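The values are calculated or read from the model by the stated rules, or taken from the named source; none is laboratory data. These numbers come from a predicted model, not from an experiment. Cβ: placed from backbone, ideal geometry, glycine included. Neighbour counts: every protein chain shown. Ligands, DNA and RNA are stripped out before the accessible areas are found, and what is left, the full protein with its side chains, is counted by its heavy atoms. Shrake-Rupley method; radii C 1.70, N 1.55, O 1.52, S 1.80 Å.
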Amino acid sequence: MKLRPTLKVVLTLNFLLVAGLPLLLVSLTSLHLLTSYNQKEISRKNLILAKSLAGEVDRFLEGPLCLLNAVSEIIEKKGWSRQEEVREPLEAMVRHIRVFNKILLLDNSGVVRIAAPFNRQYVGIDMSGQPYFQMTRRIGKPWYSPAYVFPDTGETIITLTQSFRGGMVVGCLSLAVLDNLIEKVRIGRTGYAAMADLNGTAIAHPDRSCVAQRLNIKDLEGIRHGLAGEEGTFRCQFAGVDSLVSVALVSQTGWPVVIVQTIEDAFAPVRKIRKIILLGLVLSFVFAAALAFSVLRRTLRPLSRLDSVAQKIAGGDYRVHSLPESYPEIDKLTKGFQGMSRAIEARERALRESRKNLEALFDSAEDFIFVLDTQGHILRVNPRVLERLGYSEETLLGQDVLKVHSPDRHEEAVAVIADIVAGRTDSCTIPLVTKDGTEIPVETKCARGRWDGQDALFGISRDITERKEALSRIERSEKRFRDLFDSVSDLVYTQDLEGRFITANRAVRRFFGYEPEQLTGRKASDFMKPELRPFFETEYLGGLKERGHYEGITAYFTREGRKVYLEYHSNLVLPDEGEPYISGTARDVTERILAERRIKKVQEQLQQAQKMEAVGTLAGGISHDFNNLLQAIMGYTQIIMMGKDRDDPDLGKLKEIEKAAQRASELTRQLLTFSRKVESKLRPVDLNHEVRQVEKLLKRTIPKMIRIELHLQEEGLKIINADPAQMEQVMMNVAVNARDAMPEGGKLVIKTENITLDQEFCRTHTGATPGEYVLLSISDTGHGMERETVKHIFEPFYTTKETGKGTGLGLSMVYAIVKNHHGYIACASEPGEGTTFRIYFPTIESGIMEQGAETDQEAGLPAGNETILLVDDEAFLRDLGAEILGRFGYTVLQAENGENALEIYEKKRAEISLIVLDLIMPGMGGKKCLEEILRVNPRAKVVVASGYSINGSPQDVLDAGARGYIRKPYDLREMLNAIRKLLDDKD
């Protein structure tokens, strides 16, 4: 049995601690402070002594320096020429003052001029190489050399130098005085003073042998501090002894002066004081212990009586008699014992009643209650166990608890009991088994405790049969809901108020390509463009919190990076219990959005095509009227020119009028080109050849700071059916626009390549048809265009240039020519990124040609005497035609419209050899008139006149029976050749 200290011992010790500990702390603190103070005071006194000694050395050195200054003044006054007058004072100074062993006077070149005492060996010696001469010259002030032994006397001396205007004074100063100063210093039993020069050589020491041997003591720690320029008192090893070293520096030379005293000697007074204090402290503790023992013996006597009372209470005797009065505290403790005995008696009565109630509760509980020992044997069970399991109390008590479990669960039950005993678990769900083998599902809670004086396990098992059935029904219901949830083709989801997915059906996971655990906790904004994510927080979540619902269409990106569009409907759900959440559905509308965009694009392209067609029709009508006016100008000009001699001065002016009219005619042809009513002379064309021809032209016309690059497919570029002149016009118009987009210079790239357009491309690019094409790409590095500008660039008269710098017809003509060649054109441009035109021309097999008929002009102007019926609604054109034809021998009949022409033809059918018929006339019109004439005479020769292309309306008339075609405005030679050729045709 472990011995424990008695209360008397404990209280005595506590008393000593309470009373003696503060005394001990105060004593120790005082001792520490006193010791520290004395140590500091001793260190301070030693340092003061060292500094005083250093001051004595400074004063000693001032005298010799003053003597040297006096010598300098003498030589400066006397000069070198009066050396005898200088030598005598020097000799006296050396003999009588006995400070310097020797004095030398050097001139500025370092040569000894005077020596005292006089020694002829020194005079004339060059001392300029000596360190003291060089050092004094360099620093420009008195210099003290390291100590050395003077050979004549064996004394330790230093060289002291002082420069002056005419040279330098050098004195050999004896340091014997320093030994006298050192010998005066006596500190304690071991203290002494010492001094070293800047090389660490001892120059003063109580041990004269150290100086005589020029002992170097720079490695001694105190000297090392001094040589490092440090002053103070240091505790260190000095000559192998733990010492207190005070260091001071001689101000003029920097020599360290040290006061050395062993620690033992220096702090001897401190140790004496410490012994006195410790002795007083021990005596104080002895006195306190004696006093404590005496007081506690009287105090503890009443406690012995209380101990006998406690023994009675422990034996069941709760009667506590009054004890003799003692200290008030002891009396209070006695009353406490009396109250405690009554309380224990009352508590025991309550405990007996509580146990009786617990027994009743134990017996009436509906749950199964078991009491087991730590080995799993049954100590007690409540009647519910016996009733439900079918056992009697005698057959169950003392048995292993495994008796009420299925054999296949015994191993699990043993492990659970071990875990409960070890405190690793407090519950289990092992079912109970009745005597007839029926399993009862239970949920058991366990606790450790004591039963009848031994460790025991308490278990309460609750029948959960109904709960399991209810859970089973809930699970089946949840499965049906989950199956329904996952079978919906739309995306169904729930989110928290931060937008994170809580649940998502199979469609959501399949759509985005993530597993449930990868999707849960992520925000829908994680699948959006980064720049749109702030709108998810502000618009979507903010709208839901404000309105309670939110709908819309948003673009997302799947795990594979595919861009999709979802139309969603989300609602804020506020349940009666639990946190609010968001519930919503979404549908994939990607195909619908893309289809709508394609439809919109096709509609825009269709509107553009219709607009171009309408403007083309307008251009054709204007061209018709304009051609009629040009016909009058050109016709009458040509008639007048025929009446002029070659040297007529007016002939040149008439030719200029004719050229202007021809240029106006070309403008008309451009308008007709735009309206696709001009003839295209198609033939097989190598587009590379045309590009190279245009390159030569561009190099002569565009600024040099624009670099032209060709990237042509040299091998196997296919042939196209095209008008070379119109190909040139296309490339020139696009190149001119590129030039205007690069005022500061840049790069123009023309590229050709074979390409195949498929159905997918043509489906999204209205006007394109599938097939083989040659792609002509023209790119520039100019300032580019906005998307809105790109939409209108092919519209006629649309231009972004300043007034007077563009007609707005260039790209419109390009568009019309490309369409006339059954091609496709597209433009791509971004501001600051330049512009690229891609033009697709359908290919043909080599050798296939589709071109308009060309008529060779004859060298002369043919004439005739036949009768010609000229039909035109414009009177001036009829008169002009009649005059031209009349000049060449023809008889001309005129008709102003189709009805009038039929009347004349019916009357003079036999006379009329040829009919020149205008197509566009009011009333009947040219085509209807032709039909009526041919009905009267199927062999009638009719030639149509029109400003339109032969591939347009005139072609319909030719197909209906007309024999020929004359282009307006009339060209005299072309008109006469066409008429003569038709008249000569015997068919």
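Below is a table of values for the structure above.
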item	result
Yes/no for Glu772 being open to solvent by 20 Å² or more (accessible area, probe 1.4 Å), modelled with pLDDT of 90 or more and touching a Lys or Arg at 6+ places or on another chain (Cβ under 7 Å)	yes
Unmet criterion (only one of (1) under 24 Å from Glu579 (Cβ atoms); (2) open to solvent by less than 30 Å² (accessible area, probe 1.4 Å)) for Phe511	(1)
Residue ID - most open to solvent (accessible area, probe 1.4 Å), chosen from residues in segment 103-139 that are at pLDDT 85 or above and polar (S, T, N, Q)	Gln134
Ser209 being touching a residue at least 12 places away in the same chain (Cβ under 8 Å) and polar (S, T, N, Q)	no
Residue match in segment 547-562 (condition: open to solvent by 20 Å² or more (accessible area, probe 1.4 Å), in a helix (DSSP H, G or I) and modelled with pLDDT of 85 or more)	yes
Residue within segment 756-766 that is surrounded by 19 or more Cβ atoms within 10 Å (Cβ to Cβ) and without any contact (Cβ under 8 Å) to a residue 60 or more places away in the chain present	no
Filter pass, Leu544 being touching a Phe, Trp or Tyr at 6+ places or on another chain (Cβ under 9 Å) and farther than 30 Å from Glu760 by Cβ	yes
Options Phe362, Phe368: the member that is modelled with pLDDT under 85 and of a type in the set (A, V, I, L, M, F, W, C)	Phe362
Matching helices (runs of 4 or more DSSP H) fully within segment 364-437 where at least 2 residues are without any contact (Cβ under 8 Å) to a residue 60 or more places away in the chain and either within 60 Å of the chain's Cα centre (by Cα) or not assigned by the TED database to the domain that holds Asp455 (or both)	410-422
Scan of segment 725-749 for residues that are open to solvent by 20 Å² or more (accessible area, probe 1.4 Å), among the hydrophobic types (A, V, I, L, M, F, W, C) and out of contact with any Gly (no Cβ under 7 Å at 6 or more places or on another chain), ordered by number	Ala725, Met732, Val749
Condition met for Ser163 (at pLDDT 80 or above, under 16 Å from Ala212 (Cα atoms) and of a type in the set (Ser, Thr, Tyr))	no
Asn688 in the same structural domain as Tyr815 (by the TED database), touching a residue at least 40 places away in the same chain (Cβ under 8 Å), surrounded by 11 or more Cβ atoms within 10 Å (Cβ to Cβ) and not in a helix (DSSP H, G or I)	no
Residues satisfying the stated conditions in segment 692-709, i.e. under 24 Å from Met785 (Cβ atoms) and not polar (S, T, N, Q)	Val694, Leu698, Ile702, Pro703, Met705, Ile706, Arg707, Ile708, Glu709
Condition check for Ala722: touching a residue at least 12 places away in the same chain (Cβ under 8 Å), open to solvent by less than 20 Å² (accessible area, probe 1.4 Å) and within 17 Å of Pro842 (Cα to Cα)	yes
Failed criterion for Phe501 (all others in (1) hydrophobic (A, V, I, L, M, F, W, C); (2) surrounded by 12 or more Cβ atoms within 10 Å (Cβ to Cβ); (3) part of a helix (DSSP H, G or I) hold)	(3)
Flag for Gln857 being over 30 Å from Asn754 (Cβ atoms), at pLDDT 90 or above and open to solvent by 30 Å² or more (accessible area, probe 1.4 Å)	no
Test set (1) free of Cβ contacts under 8 Å to residues at least 12 places away in the same chain; (2) open to solvent by less than 70 Å² (accessible area, probe 1.4 Å) - Tyr568 fails condition number	(1)
Residue count, segment 166-187 (criterion: under 20 Å from Ser209 (Cβ atoms) and open to solvent by less than 30 Å² (accessible area, probe 1.4 Å))	7
Subset of segment 784-799 [touching a helix residue (DSSP H, G or I) at 6+ places or on another chain (Cβ under 8 Å) and modelled with pLDDT of 70 or more]	Lys791, Ile793, Phe794, Glu795, Pro796
Qualifying residue in segment 518-528 (condition: open to solvent by 90 Å² or more (accessible area, probe 1.4 Å) and acidic (Asp, Glu))	no
Where Leu160 falls short, out of the listed (1) surrounded by fewer than 23 Cβ atoms within 10 Å (Cβ to Cβ); (2) part of a strand (DSSP E or B)	(1)
Of all residues making up segment 866-883, the number that are part of a helix (DSSP H, G or I) and either under 60 Å from the mean Cα position of the chain (by Cα) or under 14 Å from Leu914 (Cβ atoms) (or both)	2
Number of positions in segment 889-909 that are open to solvent by 30 Å² or more (accessible area, probe 1.4 Å), part of a helix (DSSP H, G or I) and not acidic (Asp, Glu)	3
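Residues checked against (1) open to solvent by less than 50 Å² (accessible area, probe 1.4 Å); (2) farther than 21 Å from Val170 by Cβ:
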site: Arg59; (1), (2): no, yes
site: Glu76; (1), (2): no, no
site: Met93; (1), (2): yes, no
site: Asn101; (1), (2): yes, no
